[in-house]
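Here's the structure, in structure tokens; my notes come after.
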Amino acid sequence: MDILLINPSQKNVYGIGVKPPYPPLGLLYLGAALLKNGCSVEIIDFDIDIKRKDNFFDYVKENHPGVIGFTAVTPCFNNALSLAGAIKKIYSPFIIFGGPHTTALPEEVIKEETIDGVVIGEGEETVAEFMNYFKQGKVVAVDGIIIKDKGRFLRGRKRDFIENLDELPFPAWSLLKHPMEYSPPDARDMPVATVMSSRGCPYRCTFCQAPRIWGRKIRRRSVDNVVAEIKFLKSRYGIKEIHIADDDFTHNKEWTLDFLRKVEKERVGTRFYFMNGLRIDNVDMDILLGMKRAGFVSIGFGVESGSQRILNSVKKGLKIAGIEKNFKMVKGLGFKTWAFFILGFLGETPSSLKETVDFSISLDPDFAKYFYLVPFPGTDVYKELLTKNLLLDRNFSNYGLYMEPVYELPGLSRYEIKKALTRAYIKFYLRPSKIFKILFRIRSLTELKLNMRAVLFLLRKIITV
């Protein structure tokens, strides 16, 4: 085997015993680019494919890949590092790290003893080019990579973002070993596939890593290319639902309407959901009606806060009145609705926390999710907390979405933030009308199972504070 790609354990993101919701789309894209380039490649998604750690190390010993590549979001970085160190005790493959955390802190990551190279940003062209040389017995610092060589750091130039995304092969779903083992939220029927139609985000939210990874310019695949992928997934793998992975799917209204018309005209025959939600100021009646006709079922929005002062301070670019107006429009068309909120922004007060909880109840989406602010490296909020000595913990294993705050705010304790989150879940969900509505909307056994999982999650939130 030329290269093994590993998605480390996600337990610090979703919790122990919780299955990851989706396959690692980035590794599937990378795997497809490597296959196209003539490499033998396999993917291991640790929480799905490995029952015991010993099985993993037996697999590595048996296959002896020349290169092992890890992707890692911040809370999973230490899990990946631990695996890399254990592998180095068995033999000495060339170990590469990539993904959001590495892209944010490349100079820090490359200093780790067990890491031989880091990929910054998009990896398809970088890793494929690196492997061309590696298979010839050469280790070359191609554009987009930093490598270690006898104590020196060799760095290629910054690689340009891929402009024509249609040139990328479709993600290599064939590399998944257990595709039906994932547990996507909000799904009605399995199997589910994720599709990304664009890369990039032009907004400047202080808490988001996306522009650092994909750039601020939105690069779009053609409508025909995206629809062709959806048809391929349906015919080859029997996919029943498509979950869109874009950061800003509806940013370009003309493209969005063209896509929706194409899906409707060609009777694609799948339901559509959103993994990351939409910007609520980038939907209007034309788009929403088009989504209805095309088979979109559920829409989520990153509202973040019910305080206009906080929305302004985090550069979200939303107005409370606009959120209320568009949310009412979406609900009126019968979509299942989600809203996402973050508690504990810089400048937060007990009053603004209450505003957010009250606002979430007044919007009354079908489902609300509340998170603590996580200051991911590479974001403005991470730099500000670090500069102001408010960051109490740099153990990245504690930077999971559902973990306690790793910072302290002036005039607002971590306990107060935790209490506000618990109060939010109780006030929002433990209403007879809300419980009845959720039960009434269940349409399948899959939905029932996912809702039961959500209930258990909610109970854990209530009893841990």
Per the rule of 0.36 nm per residue minus the C-alpha distance, extending ARG204 to LYS328 adds in nm 42.1 nm
With a ≥ b ≥ c from the Cα gyration tensor eigenvalues, square-rooted, and the rule rounded for a/c under 1.5, otherwise prolate when a/b > b/c and oblate otherwise, region 142-268 is prolate
Amide H contacts under 5 Å for HIS243, restricted to residues at least 5 apart in sequence or on another chain and with H modeled in the peptide plane, are ALA193, THR194, VAL195, TYR273
Extension length gain for VAL140 and ARG219 (0.36 nm per residue less Cα distance), in nm, is 25.6 nm
Listed by chain and number, the residues whose amide H is under 5 Å from that of PHE70, excluding neighbours fewer than 5 places away on the same chain and using placed H, are ILE6, ILE96, PHE97, GLY98
Averaging 1/r across every pair of distinct alpha carbons in the chain and inverting yields a Kirkwood hydrodynamic radius, in angstrom, of 23.3 Å
For LYS253, the net charge from surrounding residues (Cβ-Cβ under 10 Å; K, R +1; D, E -1) works out to -4
Along region 99-111, Karplus-curve 3J(HN,Hα) (6.51, -1.76, 1.60; θ = phi - 60°) to the nearest Hz, with x for Gly and Pro, reads x, x, 5, 5, 4, 6, 10, x, 5, 6, 5, 5, 6
By the mean-Cβ-within-10 Å protection proxy, highest first, 144-153, 31-40 rank as 31-40, 144-153
For GLU264 and ASP54, extending 7 Å from Cα along the Cα-Cβ vector and measuring point to point gives, in nm, a value of 5.9 nm
So the angle from the long Cα axis of helix 77-88 to the longest Cα principal axis of the chain, reported in degrees to the nearest 10, equals 20 degrees
In order over region 183-194: 3J(HN,Hα) from phi, Karplus 6.51/-1.76/1.60, θ = phi - 60°, whole Hz, x for each Gly or Pro, gives 10, x, x, 6, 6, 9, 9, 9, x, 10, 10, 9
Listed by chain and number, the residues whose amide H is under 5 Å from that of LEU409, excluding neighbours fewer than 5 places away on the same chain and using placed H, are ARG414
Charge tally for neighbours of SER305 with beta carbon under 14 Å away, counting Lys, Arg as +1 and Asp, Glu as -1, is +1
Full extension between ALA228 and THR349 adds, at 0.36 nm per residue less the Cα distance, a length in nm of 38.7 nm
Once both label points are put 7 Å beyond Cα along the C-beta direction, the LYS388-LEU35 separation in nm becomes 4.8 nm
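Values quoted throughout were computed directly from the atomic coordinates according to the rules given, and no laboratory measurement underlies them. Model, not experiment: these values are computed from the prediction. Heads up, the Cβs are rebuilt from the backbone with ideal geometry, glycines too, and the neighbour counts pull from every protein chain shown.
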